[in-house]
């Protein structure tokens, strides 16, 4: 059996379309679900777990609500990232801004052995704004009117962060985490021409998702219209690694033979 061997003189100029990485940055164990602690006298702020008030099993809004069965454990069943997120934008002020939208699915076990699946933020309400057939938990990251979120802010050096809740058709569809930081964090070798390149693209990889869940004591929460409902206080916080790569499109010409 004989095989045909191609001579170097048979090679062709082949163009390859690729993306050149011009900078990358990794943020480790970033808390993307948190509640801000009010600033102290020095103006210092810090992140705290989001305080959720999960309705006790069997408790209903009433002037004298029955206690029901408190929450025993809370586990993260799923963190769903919305299509086209996370994304990164390089602003005119030479800052990189990450926008990350997601929802949380929690598996809740109660003291009587029953389980419930809670979708946040769709089934989240502000204290005093109970919605029949929807509300399974309350949080102060929603405004007292039950319609507008209360954005959480954090600034540390050149990095600013924000957590909000996205309203949709009388409910809430997603949590939105944003982080902004100087483009210089990607490295000093990035030029203005590269930042202004119309092919500039970002790739964001999320990894190492972790959470903390701390179940507290039963709490009586206002439900609205002079009614109350028994809940269990649960402190919940989410962490993950965020990897960002900046790249520009390049045409590379090589010598070779195409199999096409």
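Which value does Rg/Rh take for region 161-237 over its C-alpha atoms, Rh per Kirkwood?
1.19
Indicate the gyration tensor shape class of region 119-168 (rounded, prolate or oblate), computed on the Cα atoms with a ≥ b ≥ c the square roots of the eigenvalues: a/c under 1.5 is rounded; otherwise a/b larger than b/c is prolate and the rest oblate.
prolate
Using Cβ contacts closer than 10 Å as the measure, can you line up 100, 243 from fewest to most?
Fewest to most other Cβ atoms nearby, the residues stand as 243, 100.
Sort 120-132, 205-217, 64-76 by packing, meaning the average of other beta carbons within 10 Å per residue, with the highest value first.
Result, highest mean Cβ count within 10 Å first: 120-132, 64-76, 205-217.
I need to check one value: relative contact order of region 45-113, counting alpha carbon pairs closer than 8 Å and at least 6 residues apart, in percent.
32 percent
In 5 Å bins starting at zero, report the fraction of Cα pairs in region 74-166 per bin as a rounded %.
3, 11, 16, 19, 19, 14, 10, 5, 3, 1, 0, 0
Highest first, please rank the peptides 229-238, 169-178 by the mean number of other Cβ atoms sitting within 10 Å of their residues.
229-238, 169-178
Looking at (1) 21.2, 77; (2) 22.0, 70; (3) 25.1, 92, which value of Rg and Dmax of the Cα atoms in Å comes from a calculation on the structure shown?
Evaluating Rg and Dmax of the Cα atoms in Å on these atoms matches (3).
Once the Cα atoms of region 160-203 are picked out, what are the Rg and Dmax in Å?
Rg, Dmax (Cα atoms, Å): 16.0, 47.
Quick check on region 110-260: what are the equivalent-ellipsoid semi-axes from the Cα gyration tensor, as sqrt(5λ), descending, whole Å?
Each semi-axis is the square root of five times an eigenvalue, giving 45, 19, 16 Å.
Read-outs throughout are calculated quantities, based only on the coordinates presented, and are distinct from any laboratory measurement. Remember, it's a predicted structure, so these values are computed and weren't measured experimentally. Heads up, the Cβs are rebuilt from the backbone with ideal geometry, glycines too, and the neighbour counts pull from every protein chain shown.
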